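The values are calculated or read from the model by the stated rules, or taken from the named source; none is laboratory data. This structure is a prediction, so every number in the text was calculated from the model and none was measured. A quick note on method: Cβ atoms are made from the backbone with ideal geometry, for glycine too, and the neighbour counts reach across all protein chains shown.
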Amino acid sequence: MAIPSGSGTEVLKNGVFAAVSTSAIKLIDGVADHIYTVISITICNTAAANETFDLYLNTPDVVEILSDQALAANKTFVFNDRLVLTGTHELVIATASAADVDCVVSYIDQDWS
């Protein structure tokens, strides 16, 4: 993606995902000519069993951000490091086994299309 030189929009957004499980869930599904800045990701294990999860980017290569991150029963994990995704990159989460994990992602979407 080229460096933007024209006018665009910048919007604060969030994604809310209930019952994340072993299937990969796209938290952000990138679109060409967009820049996404992730502010925070909150992951809550609502089950009585410990769990692990992976957080990664498809760029299209898989790039692990968190791998087998522990998530204790009935506990919350907050990831608040900044991430920047460009264009069609995807931010994805998946748990290691069948789970009951809720996830909220907050991000800035800059649209330069």
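What to note about this one:
- Residue in segment 46-60 that is within 23 Å of ASP109 (Cα to Cα), in contact with a His (Cβ under 6 Å, 6 or more places away or on another chain) and without any contact (Cβ under 8 Å) to a residue 60 or more places away in the chain present: yes
- Segment 11-27 residues that are more than 13 Å from VAL92 (Cα to Cα), paired with ones that are among the basic types (Lys, Arg) (beta carbon under 7 Å, 6 or more apart): none
- Filter result for ALA99 (closer than 17 Å to ALA24 by Cβ, assigned to a loop (DSSP other than H, G, I, E, B) and in contact with an Asp or Glu (Cβ under 6 Å, 6 or more places away or on another chain)): yes
- Qualifying position, being within 10 Å of the chain's Cα centre (by Cα) and of a type in the set (S, T, N, Q), among THR9, THR46, THR42: THR42
- Residue within segment 102-109 that is out of contact with any Gly (no Cβ under 9 Å at 6 or more places or on another chain) and farther than 25 Å from ALA32 by Cβ present: yes
- Within segment 8-69, strands (runs of 3 or more DSSP E) holding 3 or more residues that are modelled with pLDDT of 95 or more and loosely packed, with under 14 Cβ neighbours inside 10 Å: 9-20
- For segment 97-106, a residue qualifies if it is surrounded by 14 or more Cβ atoms within 10 Å (Cβ to Cβ) and among the hydrophobic types (A, V, I, L, M, F, W, C), and the qualifying residues are ALA99, VAL101, CYS103, VAL104, VAL105.
- Breaking point among (1) of a type in the set (A, V, I, L, M, F, W, C); (2) free of Cβ contacts under 8 Å to residues at least 24 places away in the same chain; (3) surrounded by fewer than 13 Cβ atoms within 10 Å (Cβ to Cβ), for VAL84: (2)
- Number of residues in segment 87-96 that are surrounded by 19 or more Cβ atoms within 10 Å (Cβ to Cβ) and in a strand (DSSP E or B) equals 3.
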